[in-house]
1. Do the conditions hold for A:D101, that is, is it touching a residue at least 60 places away in the same chain (Cβ under 8 Å) and among the acidic types (D, E)?
2. Please specify each residue of the stretch A:72-90 satisfying the condition of being free of Cβ contacts under 8 Å to residues at least 24 places away in the same chain and surrounded by 14 or more Cβ atoms within 10 Å (Cβ to Cβ).
3. Got at least one residue in the stretch B:22-37 being of a type in the set (D, E, K, R) and at positive phi?
4. Tell me which of these B:D108 doesn't satisfy, since it passes every other one: (1) touching a residue at least 60 places away in the same chain (Cβ under 8 Å); (2) within 12 Å of chain A (Cβ to nearest Cβ).
5. With respect to the numbered conditions (1) within 16 Å of DNA strand D (Cβ to nearest atom); (2) of a type in the set (D, E); (3) in contact with a Ser or Thr (Cβ under 9 Å, 6 or more places away or on another chain), which one is the sole condition not fulfilled by B:D87?
6. Based on what the data block shows, is A:E95 more than 14 Å from chain B (Cβ to nearest Cβ), surrounded by fewer than 17 Cβ atoms within 10 Å (Cβ to Cβ) and more than 16 Å from DNA strand D (Cβ to nearest atom)?
7. Please indicate, with yes or no, whether at least one residue in the stretch B:90-103 is more than 24 Å from B:T55 (Cα to Cα) and in contact with a helix residue (DSSP H, G or I) (Cβ under 7 Å, 6 or more places away or on another chain).
8. Under 6 Å between Cβ atoms, at least 6 apart or on separate chains: pull out the pairs that start in the stretch A:50-64 with a residue that is under 17 Å from A:H120 (Cα atoms) and within 16 Å of DNA strand D (Cβ to nearest atom) and end on any residue that is at pLDDT 95 or above and aromatic (F, W, Y).
There are 2 protein chains.
Amino acid sequence: MVRAGLTPERLTRAGAELADEAGFDQVTLSALARRFDVKVASLYSHLKSSQELKTRIALFALEELADRVTASLAGRAGKDALAAFADAYRDYAREHPGRYDATRLRLDPETAAASAGVRHAQMTRAILRGYDLAEPDQTHAVRMLGSVFHGYVSLETAGGFSHTAVDPQESWEWILDSLDALLRARATS
Amino acid sequence: MVRAGLTPERLTRAGAELADEAGFDQVTLSALARRFDVKVASLYSHLKSSQELKTRIALFALEELADRVTASLAGRAGKDALAAFADAYRDYAREHPGRYDATRLRLDPETAAASAGVRHAQMTRAILRGYDLAEPDQTHAVRMLGSVFHGYVSLETAGGFSHTAVDPQESWEWILDSLDALLRARATS
DNA sequence: GCATTTGCCTAAAGCCTATAGGCAAATTAG
DNA sequence: CTAATTTGCCTATAGGCTTTAGGCAAATGC
């Protein structure tokens, strides 16, 4: 009996790939076991439950996305940073739709607090430094940016923009221009 | 053997209630059968599949939401209409989180085209009439509004705004003010 | 009243999660 | 280098959800 060499990490990674290929809701321990040519029960030596797998995929994706955003934000400020942030977000969702879905998994507060979700919030605030917003405007702006980016990406990947001839890329740029103008107009100075 | 008097409509309605109480992903034919004190197989006389039930709930919720928006939009224009639209959306999601989730169900194009989703798009365009936007700006604006509203509501109901002391209602108003200003600035005149 | 249709039932199969207990491979200890 | 222990994957089993097939009784129609 040759061992398959499973680890929580390998399973998480394979789960993320499966999510991108078949959808996050198709990620099951059964499907994963088939992928490793192993019996389902064997996975329970590495993962407590199906829920744990999903949570691990979510944390993995949050981390990966935060890394990308960090990289794309380096050395940028103002509108440049805003666009880099937004594009990193959108590109990730398009390249890895299943993982992006995973990032929307509701985590229990404790897990969320220890996750890369915190980095996301910090980076959003970092972008806003270029716009000189005082509290509570800064928090309002964080929420607005989060909403627009998540909403757009979510609607776009759900195919919500495919019924009009207008290029989604154009809309995206128009929206970024608009947000930039809006934030500049809100500056305290 | 007394008959339970099931119909697709009653099942859909009960499914919507179940969605609000337990979450849209907890809506199963099994749970519904329990609720009507009936065996699961009996439901298949009224619904083709679990998928059909979910689709029906989605269509029901889209219709209900569109009705609300229509009502709240009556006699309003400009920022007033924008706020009424946005509030109708957000209030619905807070009162009926399960149904709101259902509206995000991916429908096949044919079903979507025949759904109240079309009315939603029309109403968004109606609001924008007050801002005098030419194409393709109008389409960009439709997408932006859809993104912000959906994104905000989605993040808020997921508890994403509960880690800061700032009142979500204030953020919501700040965002509506911002969007109004943005759209006025984009007017063609 | 009798025939047909309709509505709910039992039975059964397939797939998913999860637990318990077993055996062999890998690791550690003497 | 072998023996003891731990670890990894297995079989078996049970419970839940979906779906289909076939049966019987209640409702409907002629």
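1. yes
2. Those that are free of Cβ contacts under 8 Å to residues at least 24 places away in the same chain and surrounded by 14 or more Cβ atoms within 10 Å (Cβ to Cβ): A:S72, A:R76, A:D80, A:A84, A:D87, A:A88.
3. For the stretch B:22-37, residues of a type in the set (D, E, K, R) and at positive phi: present.
4. Exception for B:D108: condition (1).
5. With respect to (1) within 16 Å of DNA strand D (Cβ to nearest atom); (2) of a type in the set (D, E); (3) in contact with a Ser or Thr (Cβ under 9 Å, 6 or more places away or on another chain), B:D87 is out only on (1).
6. Spelling it out, A:E95 is indeed more than 14 Å from chain B (Cβ to nearest Cβ), surrounded by fewer than 17 Cβ atoms within 10 Å (Cβ to Cβ) and more than 16 Å from DNA strand D (Cβ to nearest atom).
7. Scanning the stretch B:90-103 turns up no residue that is more than 24 Å from B:T55 (Cα to Cα) and in contact with a helix residue (DSSP H, G or I) (Cβ under 7 Å, 6 or more places away or on another chain).
8. none
The values are calculated or read from the model by the stated rules, or taken from the named source; none is laboratory data. Everything quoted here is computed from the prediction, not taken from an experiment. Don't worry about glycine lacking a Cβ; one is built from the backbone with ideal geometry, like all the others, and counts go over all protein chains shown.
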